[in-house]
Amino acid sequence: MSGQLGTTENPLRVAIIGSGPAGFYAAGQLLSTGDPVVTVDLFDRLMTPWGLVRFGVAPDHPKIKSVTRVFDRTAQMPGFNFHGNVEVGSDISHEQLAAAYHAVLYAVGTPHDRKLGIEGEELPGSVSATEFVAWYNGHPDYAAMDFDLSCRRAVVVGNGNVALDVARMLALSVDELSVTDIADHAIELLRASEVQEIVVLGRRGPVQAAFTNPELRELADLELADVVVDPADVELDPASAAALADADMTTTKNVETLTAYAALTPSGKPRRVVLRFLASPIAIEGDQKVEAIVVERNELVEGPDGSLRAQPTGQRERIETGIVLRSIGYVGTPLPGVPFDDRRMTVLNQDGRVLDSATREPLPGVYAAGWIKRGPSGVIGTNKKCAQETTALLLEDFAAGRLPQPSISAEQLLTELRTRVDVVDYSGWEAIDAHERALGEPTGRPRVKLVSREEQLHRATVRA
């Protein structure tokens, strides 16, 4: 390649891996620079973009999904290309990407759940909330899963928004679900659900819960379910009361909402969502499947760093249940050829620059953004700032001449890739999108998701 790098004739070529919020925000930021001129090839192992906006946001939260309009505008920018159905590490290697681009930026998220690490966790009926969420959102890798909802009680372990999403999905009526983009297979199973009570367990207290206010407050609007909080759980110990005095507005409002729930008298709705605190699971019991979960009561004690941590009291309780949904966080998985931090379960990086495992020095031209960079924290919008931090470093390295020169052209790599892989471009995704929307229109749904890879590929190919 000849000519000055970063010009129309010789643009700065960047490969971004992962088309969720972090990937799209990074793409938009790079394409908006003007100087240098940048082209972005956005790769995703799925044929559909948007990551957790499509497969993680609850179906009854359509407003959150409106951020995809921003991503669509990015996709129309000059220099943008989408390559779906391409898995890095399988269809194409990091080494191949590094040879064809000036920079490679990983925004692949943290796709797997943390384990509880307790006896009985592997019993049938003990399932990952990550899988359950992907299943009801129509993720093709999870569409064939089945969940036994023939039990009277379900237990959700975790005190974040995903735990609330899972509890709410189990509590919603079919009428409430049928106007959303929930996968059809999920509507049918939830229609037959016999679950009457959903218990949500948090190992610490109300002050430490990671809910956001809207998600907690909307439980009051459930058509079929009362919200139940034991008044004793919102009686704060001195340490929690002191922590609340210095807490942010989100925490303050959460405690106010939980206190209001504790004062309510159940109205007799057919289902209940029970929010419990200071309770840690210590074992899951059952013969051939989950039959109960054993929890231990905790108390909060101040740790060496001043934070409050949960300490077991020895008081134990057995809760009968047929399904346990684990929602205690996400972890990243290593990518072949990319340094990984086994402690943080993210790509090994400093502020977005990926580091060499041996020297801990930045690897020229390799970056990370989003959850695979910082861990699973924040909301969708948090990824915008995170991506900005990374893209600023990338452009700083470009200006300083620190980016490597590709040894082959991206066109060569992509041409060879298409001989082996059915690559879906953005117009292919738009064909899938149009078909899904058309399927939903007769019944007033935003879309009916295609959950099979074969059907997605067919729609992307025929453009109809």
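Read-outs throughout are calculated quantities, based only on the coordinates presented, and are distinct from any laboratory measurement. Predicted model only: the values in this text are computed from it and were never measured. When we count neighbours, we look across all protein chains shown, and the Cβ atoms used for this are built from the backbone with ideal geometry, even at glycine.
A few comments on the model shown:
- Inter-part distance, the range 364-385 to the range 182-256, computed on C-alpha centroids, equals 27 Å.
- With the highest mean first, a sort of the peptides 345-357, 409-421 on other beta-carbon atoms found within 10 angstrom per residue produces 345-357, 409-421.
- Shape class for the chain, computed from the alpha carbon gyration tensor (a ≥ b ≥ c): prolate, with a/c not under 1.5 and a/b above b/c.
- Qualifying trypsin sites (Lys or Arg not before Pro) in the range 269-310, where qualification requires a DSSP coil assignment and no more than 15 other C-beta atoms within 10 Å, comprise Lys289.
- Look at Asp305, Asp165, Asp60 and count the other Cβ atoms within 10 Å of each Cβ; fewest to most, that gives Asp305, Asp60, Asp165.
- The range 412-464 and the range 28-88 have Cα centres spaced 15 Å apart.
- Using R0 = 51 Å, the C-beta based FRET efficiency linking Ala399 and Asp60 works out to 0.65.
- Gain in span if fully extended, Ser93 to Asp287, counting 0.36 nm per residue against the direct Cα distance: 65.4 nm
- Computed extension length for Arg316-Ala239: 25.4 nm, one decimal, from 0.36 nm per residue of separation with the Cα-Cα distance subtracted.
- When you count the other C-beta atoms within 10 angstrom of each residue and take the mean per peptide, 250-257, 64-71 line up highest first as 250-257, 64-71.
- Neighbour cut-off at most 16 other Cβ (10 Å), DSSP loop, trypsin sites (Lys or Arg not before Pro), the range 125-180: Arg152
- Peptides 94-107, 327-340, ordered by how many other C-beta atoms sit within 10 Å of their residues on average, highest first, read 94-107, 327-340.
- Cross-link table Lys65/Lys385; Lys115/Lys289; Lys115/Lys449, entries beyond 20 Å C-alpha to C-alpha: Lys115/Lys449
- Spin-label pair Asp141/His458, simplified geometry with 7 Å Cα→Cβ offset, distance in nm: 2.4 nm
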